[in-house]
Amino acid sequence: MMAKVNKIRVPMRELPAEERIKNFNSVPLGYNEEEAVTEAQRCIQCEKPVCEKNCPINMKIKAMIKEIAEGNFKEAFLIAKKDNPIPAIAGRVCPQENQCEGACTMGKIGDPINIGKLGAFVADWAMKQGISEEIHRKDRQEKIAVVGSGPAGISCAVDLRKLGYKVTLFEALHIAGGVLQYGIPAFRLPKDVVDYELSYLQKIGVDVHLNSIVGQNTLFSELRREFDAIFLGTGAGAPRFLGIEGEKLMGVYSANEFLIRVNLMKSYKFPEYDTPIVVGNRVGVIGAGNVAMDAARYALRLGAKEVYILYRRTKKEAPTRAEELQHALEEGIIFKELVNPTKILGNEDSWVTGIALVRMKLGKPDSSGRPRPEKIEGSEFTMKLDTVVNALGTRPNRLFLSKTPELETAPWGGIKVDENLMANIEGVAAGGDATSGGATVILALGEGRKAAKSIDEYLSKRRVS
């Protein structure tokens, strides 16, 4: 007879909303050892773990959870680390509810297992204990360049280094990590966790070159001459805009600029860091994805009195993670549904004073599967705002692509690749946001791993030819 199963997951301790809006500290406090074991013991250890099939990097989730349930945290960490180079990061920001946890069998009778938080727990535990995996490899002579140190570049570099290749990673910024550093707030992803996870690259022998802009101070043609293969993980750092009047007013930010100023340039520590940021009392954020929630929650912490999410659909259709939406609402972010901006208003000094909006209604589903927002004629109105943040998504790195005309691109602007993530140039692979236009950390990790496999196969064939 099967033992009684606890249907309710162990809750994650969090900073209270009234406390966390006053600082930039991590909101989730993580499981302690007892909580992690109790949560892991809820897992029924399916014979065919569908959670693993729904994981973009096919982590051995079942085995990891079994070891946690038995208190074998080191073994659990080593299992996670084998497939995931940054488990402490992925466990915090991966949309598990749509992937591994979304497929969890326990979700059919109760709460799915809290897979992400268990992964983050064992990675944090290993970090505190100073535990790392041992790598046994046979060194190879081929040299590989990895351009971009975001999630795709990290996983590609790690897998290739484990295979023995000489890997050089080129990062345009002064710090490695890509979107992990400049795009995700510390209250979701503590920067000491990011720094520790990224130190792994150098520990295993990846040669990291910072302040190296490929296409500017390092030419792509030079990389092709010097390296046997190249992986392009150049990301999607160029913002998208609505194309409406007033977007060039002062007080209008792209979400990229807004988050970079806070995350990377420490504007919240002005004047200690000479990068001021102005938010005013009333802030409007256009969009309802994770980046929009990040910008809105940052605006609140930077002193705004009222922060609005301006979205043309409803909360139900919002692309943000449920956890991020819940945290935003708990903190007092005001979700203004079924509105679409038509003009940003300003004064004679070219500063934002408000925004003109039109009300929307939902029609039949569009290509995204969500109901299409339709304009309600005669429903225009205005709101007073001091700051507007545009969080409508991103486009690939235009500087790099403009300098590499020989690289074939897709109609929407991303790097064109085949089913193995190989580009039109021999020995060149690409993945992550550079080919997808903006996805998730875990999907980028998966593409980095897939590209590493393709590069290895390419070099192996070349070796024997």
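The values are calculated or read from the model by the stated rules, or taken from the named source; none is laboratory data. Here the structure is a predicted model, which is why all the values come from computation and not from measurement. Cβ sites come from the backbone with ideal geometry, for glycine too, and all protein chains shown count toward neighbours.
A single entry from GLU75, GLU47, GLU39, GLU35 fulfils the requirement of being under 21 Å from ASN6 (Cα atoms), of a type in the set (D, E, K, R) and surrounded by fewer than 18 Cβ atoms within 10 Å (Cβ to Cβ): GLU47. Of all residues in segment 5-60, those being within 26 Å of the chain's Cα centre (by Cα) and of a type in the set (S, T, N, Q) number 6. The residues of segment 241-255 that are surrounded by 17 or more Cβ atoms within 10 Å (Cβ to Cβ), among the aliphatic types (A, V, I, L, M) and touching a Pro at 6+ places or on another chain (Cβ under 8 Å) amount to a single one, ALA255. Taken together, the criteria place LEU223 among residues that are out of contact with any helix residue (DSSP H, G or I) (no Cβ under 7 Å at 6 or more places or on another chain) and closer than 24 Å to GLY148 by Cα.
Of the residues that make up segment 267-276, is at least one of a type in the set (Val, Ile, Thr) and buried (at least 20 other Cβ atoms within 10 Å of the Cβ)? For segment 267-276, residues of a type in the set (Val, Ile, Thr) and buried (at least 20 other Cβ atoms within 10 Å of the Cβ): absent.
Quick check on PRO112: is it under 25 Å from LYS191 (Cβ atoms) and either modelled with pLDDT of 95 or more or not hydrophobic (A, V, I, L, M, F, W, C) (or both)?
Working: under 25 Å from LYS191 (Cβ atoms): no; either modelled with pLDDT of 95 or more or not hydrophobic (A, V, I, L, M, F, W, C) (or both): yes.
In short, no.
Report yes if ALA328 is under 26 Å from GLU101 (Cα atoms), part of a loop (DSSP other than H, G, I, E, B) and touching a residue at least 12 places away in the same chain (Cβ under 8 Å), otherwise no. Step through it out loud before you land on a result.
Working: under 26 Å from GLU101 (Cα atoms): yes; part of a loop (DSSP other than H, G, I, E, B): no; touching a residue at least 12 places away in the same chain (Cβ under 8 Å): yes.
Against the criterion (under 26 Å from GLU101 (Cα atoms), part of a loop (DSSP other than H, G, I, E, B) and touching a residue at least 12 places away in the same chain (Cβ under 8 Å)), ALA328 does not qualify.
Among the residues making up segment 429-465, those that are closer than 21 Å to ARG137 by Cα, surrounded by fewer than 18 Cβ atoms within 10 Å (Cβ to Cβ) and not polar (S, T, N, Q) are LYS453, GLU457, LYS461, ARG462, ARG463, VAL464.
Counting only helices (runs of 4 or more DSSP H) that fall entirely inside segment 144-236 and contain at least 3 residues that are of a type outside the set (A, V, I, L, M), crowded, with 20+ Cβ neighbours inside 10 Å and not assigned by TED's automatic domain parsing to the domain that holds ASN290, the qualifying elements are 151-162. Taking segment 431-453 only, how many residues are of a type outside the set (Val, Ile, Thr), more than 10 Å from CYS156 (Cβ to Cβ) and touching a strand residue (DSSP E or B) at 6+ places or on another chain (Cβ under 6 Å)? Within segment 431-453, residues that are of a type outside the set (Val, Ile, Thr), more than 10 Å from CYS156 (Cβ to Cβ) and touching a strand residue (DSSP E or B) at 6+ places or on another chain (Cβ under 6 Å) number 2.
Can you confirm whether GLU67 is closer than 30 Å to LEU329 by Cβ and either part of a loop (DSSP other than H, G, I, E, B) or of a type outside the set (Val, Ile, Thr) (or both)? No, not satisfied.
Is there a residue in segment 80-100 that is within 18 Å of the chain's Cα centre (by Cα), farther than 28 Å from LYS203 by Cβ and not in a loop (DSSP other than H, G, I, E, B)? Yes, the conditions are met somewhere in segment 80-100.
Could you look through segment 291-309, keep only residues that are free of Cβ contacts under 8 Å to residues at least 60 places away in the same chain and not basic (Lys, Arg), and pick out the one that is surrounded by the fewest Cβ atoms within 10 Å (Cβ to Cβ)?
Quick first cut of segment 291-309, residues free of Cβ contacts under 8 Å to residues at least 60 places away in the same chain only: 293, 302-303, 305-307, 309.
Narrowing the set further to residues that are not basic (Lys, Arg) leaves 293, 302-303, 306-307, 309.
Numbers: MET293: 29, LEU302: 20, GLY303: 13, GLU306: 18, VAL307: 27, ILE309: 27.
Per the criteria, the residue is GLY303.
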